[in-house]
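Enquirer: Mind having a look at this structure? Questions to follow.
The values are calculated or read from the model by the stated rules, or taken from the named source; none is laboratory data. Since the structure is predicted, the reported quantities are computational estimates derived from the model, not experimental observations. Note that each Cβ is placed from the backbone with ideal geometry, even for glycine, and that neighbours are counted across all protein chains shown.
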């Protein structure tokens, strides 16, 4: 598959996600995608308060949106965990799309946080978790680029 075909597929998949979570036009310059977060994962649970704080302090100024894509085993656990979060989410019922995203973005572990360009859906940072948690907690160097 050519690079242009992959990029086109990524953009269409991001459009699908946005429509399914209620955004009908691209409103943010960047999307921070939380893939493979779940309520039963201690690192995920421990990191969520830091994510909430980062989101509340920087999302408007830095023009980004979080999208939560759950790996919870059931909808009840998803709903319980997601109610803490002030951002968007892919509906739990969209398990097939969640699996497609995990495969497309080559997700190998939890929790994973990616930074995508809002126009192209290209990944610009594969280690956004490390930036939020350690390297740039104040968002001073956002948007981040993978090394």
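Enquirer: What is the one condition in (1) under 15 Å from the mean Cα position of the chain (by Cα); (2) modelled with pLDDT of 85 or more that residue 53 does not satisfy?
Expert: With respect to (1) under 15 Å from the mean Cα position of the chain (by Cα); (2) modelled with pLDDT of 85 or more, residue 53 is out only on (1).
Enquirer: A further question on this structure: What is the residue count in segment 88-108 for residues that are touching a strand residue (DSSP E or B) at 6+ places or on another chain (Cβ under 8 Å), farther than 17 Å from residue 43 by Cα and modelled with pLDDT under 90?
Expert: Here is the first cut: in segment 88-108, the ones touching a strand residue (DSSP E or B) at 6+ places or on another chain (Cβ under 8 Å) are 88-90, 92, 98, 101-102, 105, 107.
The next check asks that each one be farther than 17 Å from residue 43 by Cα; those that pass are 88-90, 92, 98, 101-102, 105.
Those still in the list that are modelled with pLDDT under 90 too: 88-90, 98, 101-102, 105.
Within segment 88-108, residues that are touching a strand residue (DSSP E or B) at 6+ places or on another chain (Cβ under 8 Å), farther than 17 Å from residue 43 by Cα and modelled with pLDDT under 90 number 7.
Enquirer: Okay, moving on. So how many residues does segment 55-84 have that are part of a loop (DSSP other than H, G, I, E, B) and within 16 Å of residue 112 (Cβ to Cβ)? So that I can check it myself, show each step before the final result.
Expert: Within segment 55-84, the subset part of a loop (DSSP other than H, G, I, E, B) is 63, 71-74, 83-84.
Now restrict to residues that are within 16 Å of residue 112 (Cβ to Cβ): 71-72.
The number of residues fulfilling the criteria is 2.
Enquirer: Any idea how many residues of segment 101-129 are over 15 Å from residue 37 (Cβ atoms), without any contact (Cβ under 8 Å) to a residue 24 or more places away in the chain and loosely packed, with under 15 Cβ neighbours inside 10 Å?
Expert: Of the residues in that region, 2 qualify.
Enquirer: Now for a different question. When you go through (1) within 11 Å of the chain's Cα centre (by Cα); (2) at pLDDT 85 or above one by one for residue 72, which number turns out not to apply?
Expert: (1)
Enquirer: While we're looking at this one, here's another question. Of all residues being in contact (Cβ under 8 Å) with a residue 24 or more places away in the chain and touching a helix residue (DSSP H, G or I) at 6+ places or on another chain (Cβ under 7 Å) in segment 86-96, which is surrounded by the fewest Cβ atoms within 10 Å (Cβ to Cβ)? Just the residue, please. Lay out the reasoning, then the answer.
Expert: Residues of segment 86-96 that are in contact (Cβ under 8 Å) with a residue 24 or more places away in the chain, as a first pass: 86-91, 94.
Narrowing further to those that are touching a helix residue (DSSP H, G or I) at 6+ places or on another chain (Cβ under 7 Å): 86-87, 89-91, 94.
Working: 86: 10, 87: 18, 89: 21, 90: 23, 91: 16, 94: 18.
Looking at residues that are in contact (Cβ under 8 Å) with a residue 24 or more places away in the chain and touching a helix residue (DSSP H, G or I) at 6+ places or on another chain (Cβ under 7 Å), I get 86.
Enquirer: Shifting gears a bit: So which residues in segment 51-79 are closer than 14 Å to residue 138 by Cα and in contact with a helix residue (DSSP H, G or I) (Cβ under 6 Å, 6 or more places away or on another chain), if there are any at all?
Expert: Within segment 51-79, 54 is the sole residue that qualifies.
Enquirer: If you don't mind, another one. If you go through segment 33-54, how many residues are at negative phi and not in a helix (DSSP H, G or I)? Steps first, please.
Expert: From segment 33-54, those at negative phi are 33-35, 37-54; that's our starting set.
Restricting the remaining residues to those that are not in a helix (DSSP H, G or I) gives 33-35, 37-41.
Residues that pass the stated criteria total 8.
Enquirer: Here is a check on your reading of the model: is residue 81 surrounded by 16 or more Cβ atoms within 10 Å (Cβ to Cβ), under 15 Å from residue 38 (Cβ atoms), touching a residue at least 12 places away in the same chain (Cβ under 8 Å) and touching a strand residue (DSSP E or B) at 6+ places or on another chain (Cβ under 9 Å)? Explain how you work it out, then say what you get.
Expert: Numbers: surrounded by 16 or more Cβ atoms within 10 Å (Cβ to Cβ): yes; under 15 Å from residue 38 (Cβ atoms): yes; touching a residue at least 12 places away in the same chain (Cβ under 8 Å): yes; touching a strand residue (DSSP E or B) at 6+ places or on another chain (Cβ under 9 Å): yes.
It is true that residue 81 is surrounded by 16 or more Cβ atoms within 10 Å (Cβ to Cβ), under 15 Å from residue 38 (Cβ atoms), touching a residue at least 12 places away in the same chain (Cβ under 8 Å) and touching a strand residue (DSSP E or B) at 6+ places or on another chain (Cβ under 9 Å).
Enquirer: Read through the list (1) closer than 19 Å to residue 30 by Cα; (2) in contact with a strand residue (DSSP E or B) (Cβ under 6 Å, 6 or more places away or on another chain); (3) surrounded by fewer than 17 Cβ atoms within 10 Å (Cβ to Cβ), then give the number of the only condition that residue 135 fails.
Expert: (2)
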